[in-house]
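The values are calculated or read from the model by the stated rules, or taken from the named source; none is laboratory data. For clarity, every value in this text was computed on a predicted model and none was experimentally measured. Cβ placement follows ideal geometry from the backbone for every residue including glycine, while neighbour counts extend to all protein chains displayed. Only protein heavy atoms, including side chains, enter the accessible area calculation; ligands, DNA and RNA are left aside. Shrake-Rupley method; radii C 1.70, N 1.55, O 1.52, S 1.80 Å.
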Amino acid sequence: MNIIIKFFVSGFVLFSISSIFAYADFSDGMAAYQRKDYTTAYKEFLFEAEQGLAQAQYNLGVMYGDGQGVAQDDKQAVQWFRKAAEQELARAQYNLGIMYANGQGVVQDYKQAVYWYKKAAEQGYADAQY
């Protein structure tokens, strides 16, 4: 029984430590982005996005959409927005709606645009409600 408890506690501690490091990587990425060091921001966000962090996925979508630190690529922006949107990040859902409404990186599809706008609006995202 003690071995099971030790294993559980060790796993919890490792998870907690990795979460702290994950947050540090994300905040390092945000700091780099704010000082317009897009190359560093991209590296930090990519690591976190690949681990499933919705906010980092959203930020990569913005970077690809605006061509910050990477070549501007609407298809890549859509892929990253979709990953974050599927995790219920309202800003990503809204941006995905814009991409569908304008046919940026996807075939223009107003039904899909409304679908994503509605999901964001249901979470209280004001721009989507408008």
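Miscellaneous remarks
- Restricting the range 35-61 to residues that are in contact with a Leu (Cβ under 8 Å, 6 or more places away or on another chain) and of a type in the set (Gly, Ala, Ser), the residue that is surrounded by the most Cβ atoms within 10 Å (Cβ to Cβ): 56
- The helices (runs of 4 or more DSSP H) found entirely in the range 89-130 that carry 1 or more residues being within 17 Å of the chain's Cα centre (by Cα) are 90-102, 110-122.
- Condition check for residue 64: touching a residue at least 24 places away in the same chain (Cβ under 8 Å), of a type outside the set (D, E, K, R) and either open to solvent by less than 80 Å² (accessible area, probe 1.4 Å) or not in a helix (DSSP H, G or I) (or both): no
- Among residues of the range 84-111 that are free of Cβ contacts under 8 Å to residues at least 24 places away in the same chain, those with a beta-carbon under 6 Å from a residue that is open to solvent by less than 30 Å² (accessible area, probe 1.4 Å) and in a helix (DSSP H, G or I) at least six positions away or on a different chain give the pairs 96/81; 96/85; 96/116; 100/113; 101/113; 109/100.
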